[in-house]
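A short worksheet on the structure shown next.
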Amino acid sequence: MRLRSLFLLLIALSFSALAQPTAWNDLRQQASGQTVWFNAWGGDPAVNSYLDWTSAQVKERYGITLKVVHLADAAEAVKRIQSEDAAGRKTNGSVDLLWVNGENFRTLKTAGLLSEGWAETLPDWQYVDVQKPVREDFSQPVDGAEAPWGSAQLMLIGDGQRTPELPRSAEALLTFARANPGKVSYPRPPDFTGTALIEQLLIVLTDDPHALRQAPDPSSFEKVTAPLWRYLDKLHPYLWRKGKSFPATPARMDRMLADSELLLSITFNPAHVDNLIARKQLPASARAFGFEKGMLGNVHFVAIPANAKSKAAAMVVANFLMSPEAQIRKADPAVWGDPTILDSKLLPAPLGTRLAAHVPASLEPVPFLAEPHAAWVAALEKAWLARYGAR
């Protein structure tokens, strides 16, 4: 263990040295001419188009060839990295940069398959909004093993003109449902957004929030989650179809909101309401809002495997992805509309103003609440289905 700690310290010191301008320039020279195999989810044309632009930019600016491997599921790359490690392929791996989610990050980091200590040494880290959960991923310390790329936050959707008093706490949501029976619902878990709402309610209702920082303990699970189930038992009779049936997706809820069948919808993309307004699916009075104490949020990252072939170039690409210019373009709804991980107030005036201009007009910002440990997702879904899934 001591040898491993010393090894990690030496790596960290090495990367820290790279934060100096001269060292960074040396790294850029080293990166020039390298090829980065970037494994990323490829299911969205807007994301793919953005990565095409990124490839052209890093080629022109740094002489780096960026090869994007479009994945249906990032788990494919995780299995490949694990297989290479099992086969003793400690260098020259097939993945240089990986768009990774919290669950896959935990798997790779726990197994020691990621480079650590580099992300906060990148020059553009200085602009990162550290009020967002950029130093932990699903309650797992990041330790500089992945660089933030974008963010998301669970938000409720309502029409401020039709519903002037929107619920901004769990208690207010229950009161709102009682006052408007049949007009409130949420996507049926294990739909991602539905499960996220269950996590959100658990965070604000449990008497033991610290328990959520660790994997669920079977001996205390019922006690930690009891306030959540009591709340849902009170809420469900006032939901759409009395809580005996649930919309399959948030997209279905969007349509039900537009048709006045519901008074609220839900999203994990704060820019989503602006998009719905632009498509005239919702009126201009629609709002993305949340609980005053905060809403569940997360950050998505890029990571460098420990056996990556082109680590220098991968770091340069990761820095470009979180640079002000790249973040401003990514935040533009006409390009991708992915919320930034930068703090616009830390940027020089022209750039900060440009970035701030992409904050969704319909968004009423609320604080970020960090996600529980990744293992809570499956535990909560199983418990929810056992209680309400068969109705």
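Structure above, values below:
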quantity: Mean separation of Cα contacts under 8 Å (6+ apart) over length of the stretch 110-187, as relative contact order %; calculated: 24
quantity: Binned Cα-Cα distance frequencies in the stretch 109-159 - 10 Å width, integer %; calculated: 21, 48, 20, 8, 2
quantity: Size descriptor, Kirkwood hydrodynamic radius, that averages inverse alpha-carbon separations across the stretch 253-391, Å; calculated: 18.1
quantity: Mean separation of Cα contacts under 8 Å (6+ apart) over length of the stretch 243-391, as relative contact order %; calculated: 29
quantity: For the stretch 75-142, diffusion coefficient by Stokes-Einstein and Kirkwood Rh (Cα), 4 °C, 1.567 mPa s, µm²/s; calculated: 97
quantity: 222 nm mean residue ellipticity, helices alone, for the chain (DSSP H n ≥ 4; -39,500 (n - 2.57); rounded to 500); calculated: -12500 deg cm²/dmol
quantity: Pairwise Cα inverse-distance average, inverted: Kirkwood Rh of the stretch 323-391 (Å); calculated: 15.0
quantity: Hull shadow area, averaged, the stretch 217-331 [alpha-carbon convex hull, nm²]; calculated: 12.6
quantity: Overall Cα dimensions of the stretch 33-84 - principal axes, largest extent first, Å; calculated: 33, 27, 8
quantity: The stretch 154-247 - Rg and Dmax from Cα coordinates, angstrom; calculated: 14.1, 47
quantity: Kirkwood Rh in Å, taken over all unlike Cα pairs in the stretch 195-279; calculated: 15.0
quantity: For the stretch 238-310 versus the stretch 131-183, the gap between their alpha-carbon centres in whole angstrom; calculated: 9
quantity: Hull volume in cubic angstrom per residue (convex hull over the Cα atoms of the stretch 12-131); calculated: 137
quantity: Under the Debye formula (equal points on every Cα, no solvent term), log10 I(q)/I(0) of the chain at q = 0.06, 0.10, 0.14 Å⁻¹; calculated: -0.26, -0.70, -1.26
quantity: Charge sum, other residues only, whose C-beta stays under 11 Å from G93's C-beta, Lys/Arg counted +1 and Asp/Glu -1; calculated: +2
quantity: Which of Y238, Y62, Y186 is most accessible, then next, and so on - probe 1.4 Å; calculated: Y238, Y62, Y186
quantity: Other-chain or far-sequence residues with amide H under 5 Å of L296's (modelled H); calculated: L154, L369
quantity: For the stretch 85-237, fraction of C-alpha pairs farther apart than 21 Å, in %; calculated: 61
quantity: Percent of Cα-Cα distances greater than 19 Å, calculated over the stretch 126-207; calculated: 55
quantity: Over 22 Å between alpha carbons, listed pairs K132/K293; K59/K90; K244/K382; K280/K345; K132/K234; calculated: K59/K90; K280/K345; K132/K234
quantity: Value of relative contact order over the stretch 325-391, rounded to a whole percent, pairs C-alpha under 8 Å and six or more apart; calculated: 22
quantity: Within the accessible area of the chain (1.4 Å probe), percent carbon and sulfur; calculated: 54
quantity: Nitroxide proxy distance, nm - points 7 Å out along Cα→Cβ at A72 and K280; calculated: 3.7
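The values are calculated or read from the model by the stated rules, or taken from the named source; none is laboratory data. Computed from a predicted model, the values in this text were never measured in an experiment. Ideal geometry is used to build each Cβ from the backbone, glycine not excepted, and the neighbour counts take in all protein chains shown. Protein only, heavy atoms only, side chains kept; ligands, DNA and RNA dropped before computing areas. Shrake-Rupley method; radii C 1.70, N 1.55, O 1.52, S 1.80 Å.
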